[in-house]
Amino acid sequence: MSRAAWHLRANAPMAAWLVALLVVSLTHSFIPASRWLLIHLLLLGAVTNAIFVWSSHFTEALLRSPPGKGVQRALAPRLVVLNAGAIAVMVGVVSAGWVVVLIGAILVAAAVLWHGAAFGVAMRRALPSRFGATVRYYLVATVMLLVGVTFGVLLAHGVGGGLAWRLGLAHATANVLGWVGLTITGTLVTLWPTMLRTRVAPGVERASGHALVILLVALVVMIVAILFGWRYVAAAGVLGYLAGIVVLARPMVAEARQKPPAAYATWSVAAGGFWLVGSLVALTVILVSSSWPAVSSAVGTLVAPLAAGFVAQVLFGALSYLVPMALGGGPAISRRTTEIMNKGAGWRLTLINGGMILWLLPTPSLVRVICSALALIGFAAVLPVIGWSIVASRRPAPDPSGNAVQERTRKVNTPPRQIGSVTAALAVLVLGVAGGVAVDPPAAGHGTAVSAANGVTPTGHTTEVSVTADNMRFTPSSVDVPAGDRLIIKVTNTDQVVHDLVLATGQTSGRLSPGQSAQVDVGVVGKSIAGWCSLPGHRQLGMVFAVNVAGSSGSAGSMGGMDTQSGGESAASSIDLGKNPASSFVPADPTVAPAPNGTTHKLTLTVKDVKREVAPGVVQTLWTYNGTVPGPTLRGNVGDTFEITLVNDGDMAHSIDFHAGEVSPDEPMRSINPGQSLVYTFAAHHSGIWLYHCSTMPMSAHIANGMFGAVIIDPPNLAPVDAEYLFVQSEYYLGPRGGVVDPEKVATKKPDLVAFNGYANQYKYRPITAHPGERVRIWVLDAGPNLSTAFHVVGTQFDTVYAEGAYLLSPSDGLDGGSQVLSLSAAQGGFVELTFPAAGHYSFISHVMSDAEKGAAGVFAVS
């Protein structure tokens, strides 16, 4: 088999993982645990395969192993075991099958041990080598991967409870900085000068040896400190790792000064190095300046810089150099494929790095989505370029005439002119930002403002004030300004959640992430102005501000100017419950699936802002878990463990509180900002139907806008029935058309709509079918946030009633009693059982009749 054919076959699994990564990136909203899956498709799938193949290649080259006796021997079966294990791990995590995860982890560990043993045998057989230290990097890296795999298995089994995120951080440290980081740094010792086409810098062998010791000690310190909660020690470990990188980078910088990067390959690797250093610096600052709960949230934002910025860019950069070399075909073919690999280099690099920088900045949510998509396009463009190179390598070499060879040599050795492609990429990024801001101007701090001068004569003096936003308050909450002064307000968000400052005259700071500041230029002030935080509910909780002007004609309390919170005509004006929904309307499925097998249940809940109909012709923007109201229903048995990953893809802070668990609220129930995630682990100690909901203040507004769901923990020996249904009652306090909840309405406790499972009267419009004589169990949960329910089925009675963990009525009691209503206050739940006596239409309602008339009603069509 030719060298090119061998490399194509060996690297085929890596290519398959990259394609899978691209597919999941485009469809992640519909895939369980997609965030976890994206990371592991890249690191465990594509990168680990690349490491197996290319570390084998470099080891044989550096140690000058005899053909057929080096580390590449039996590489194919090692790759088979590795990929079988990786697939099993991913299938197991996505489907919550811990046994499958364990089998996969064992296969991955076996492949790694086998691979490491091949390194050891190769080193023992080889003569002393100048760059044998690189192979020692590979050996240490395999040990770190085994440590990371062990942590991963423990995580999958639910070990760690509420502190599982520490185990997860240690798992990521061992895998990303250990397995991947050590392999990359060890390889670049020799690969970097080769890519630059320059000599190896003096002293690089000694530097690589010293750096390996520093990096290994730093990794051990980091992992131990993270597991024991020693935050400052962990920060010292990160600084140690950074010091090891600096020791190794000094000769590499010298090599780059001799021959600066000129192609996509070298610039991509260099950019990856910058992302690594930047991420380590950021991690150190986070560890030193934040509490552990804040660290767990903030570290989530470093996943993209490390995985995409560092690992993926180094991988693609190295491949861009190695692919032409592996394809072979002689100098002419290599020149041709190298030229192809450099096509659009500036465009790709600018999209990737510019898009990621803009994604990390506190830009509006839509801008972040657009920029992340542009960065993905930059990465994805590498795949067709590689395919183009492979195809080009199969074509015959050009006629090697002197002039042609000289011209091609000149083109390859001359740095490609990328000004045009860089400019084009920058233009695309600018358009992306502009488009995102244009679609959502308030999120970017732009809106229509009116003058606050009120005809006053300007004094020519400027008053500057500093205001902090924290704990649902502005400090100071008011400022006195002489009439005619120009006012500039510097607003700093010192809270852990997003805030803004909006003035009644229209000026705004825009959304401010924690630690971010903005300057609001009010202009010349001639009247008092009211201000507030515009995030839903924050104003109602007292987050207001006042500009008081001496001698003004109005007061701040009068809300002079414009009130940007009103947002237009209320959606309540569109309510017509006598109107039928569109023929395409499909109601929420009320059936309840049995508890899944196993005792550990994993689920990712992603916060999403979605526009949806809540009654015929009535549309609101809802805050949801996984895009549905209610959120997904969880079910299990007493003693089961639930591991929930909460991901915030919304545009403001959110959180989650599971009534089914008994945990300290401080860490798992904290609010997380857009782009962050947390892991909430709890054990179910008691049976019942339990509410989960967003606990970010004001809770009433977050619950009323869709952030709630149910957890069913089956009572022991729960009898089988013919059908099971779940109805979660909630209230809508409608804001403007297409807008969000009106928190002022929530405070009045007078809802516009009351609904079962998120849509008013949906089961009247689309009745639930049943049959006479069937035994039916109906679970009911009152999500509130304010009102009670009295669940009743017209025309029949309940012979079983279970509420708040206890049977109130059961046939086993031997009593001839029945029940007409299951009464529940907000956050309470239970179930009833009944049998329909004959065919007919049986309405079910909340017997709080005004609520039934607002949409808390449905029909069982029994035939």
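The values are calculated or read from the model by the stated rules, or taken from the named source; none is laboratory data. The structure displayed is predicted, hence computed values, not measured ones. Glycine also receives a Cβ, built like all others from the backbone with ideal geometry; neighbour counts cover every protein chain displayed.
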So which residues in segment 494-520 are under 14 Å from Gly531 (Cα atoms), in a strand (DSSP E or B) and not aliphatic (A, V, I, L, M)? His499, Thr508
What residue, among those in segment 553-574 that are modelled with pLDDT of 50 or more and more than 36 Å from the chain's Cα centre (by Cα), is surrounded by the most Cβ atoms within 10 Å (Cβ to Cβ)? Ala556
Can you go through Tyr692, Tyr680 and tell me which one is at pLDDT 95 or above, closer than 15 Å to Thr606 by Cα, touching a Phe, Trp or Tyr at 6+ places or on another chain (Cβ under 9 Å) and crowded, with 22+ Cβ neighbours inside 10 Å? Tyr692
I'm told Arg78 meets every condition in (1) modelled with pLDDT under 85; (2) of a type in the set (Lys, Arg); (3) under 30 Å from Val189 (Cα atoms) except one. Can you identify the failing condition by its number? (1)
Out of Ala156, Ala218, report the one residue that is outside the structural domain of Leu43 (by TED's automatic domain parsing), under 32 Å from the mean Cα position of the chain (by Cα) and either touching a residue at least 40 places away in the same chain (Cβ under 8 Å) or within 21 Å of Ile106 (Cα to Cα) (or both). Ala156
Among the residues of segment 693-710, are any of a type in the set (A, V, I, L, M, F, W, C) and part of a strand (DSSP E or B)? yes
Out of everything in segment 366-413 that is under 34 Å from the mean Cα position of the chain (by Cα), modelled with pLDDT under 80 and of a type in the set (A, V, I, L, M), what residue ends up being surrounded by the fewest Cβ atoms within 10 Å (Cβ to Cβ)? Val369
Only unsatisfied item for Ile214, checking (1) surrounded by 18 or more Cβ atoms within 10 Å (Cβ to Cβ); (2) over 18 Å from Leu62 (Cβ atoms); (3) out of contact with any Gly (no Cβ under 8 Å at 6 or more places or on another chain), is (3)
Cβ pairs under 6 Å, 6+ apart, first in segment 377-392 and closer than 11 Å to Gly344 by Cβ, second modelled with pLDDT of 90 or more and among the β-branched types (Val, Ile, Thr): Gly378/Ile352
Report whether or not Val821 is buried (at least 21 other Cβ atoms within 10 Å of the Cβ) and under 24 Å from Asp722 (Cβ atoms). no
Going through (1) out of contact with any His (no Cβ under 6 Å at 6 or more places or on another chain); (2) touching a residue at least 40 places away in the same chain (Cβ under 8 Å); (3) within 22 Å of Gly758 (Cα to Cα) one by one, Asn626 fails only at (2)
Checked Leu191, Leu167 against criteria (part of a helix (DSSP H, G or I), in contact with a Leu (Cβ under 9 Å, 6 or more places away or on another chain), modelled with pLDDT under 90 and among the hydrophobic types (A, V, I, L, M, F, W, C)); the one match is Leu167
Among the listed residues Asp666, Asp657, which satisfies the condition of being touching a strand residue (DSSP E or B) at 6+ places or on another chain (Cβ under 8 Å), touching a residue at least 12 places away in the same chain (Cβ under 8 Å), more than 30 Å from Val367 (Cβ to Cβ) and among the charged types (D, E, K, R)? Asp657
Looking only at segment 12-23, which residues are touching a helix residue (DSSP H, G or I) at 6+ places or on another chain (Cβ under 6 Å) and either at pLDDT below 90 or aliphatic (A, V, I, L, M) (or both)? Met14, Leu18, Ala20, Leu21, Leu22
Just one of (1) of a type in the set (S, T, N, Q); (2) in a helix (DSSP H, G or I); (3) modelled with pLDDT under 90 trips up Gln72, so point out which. (2)
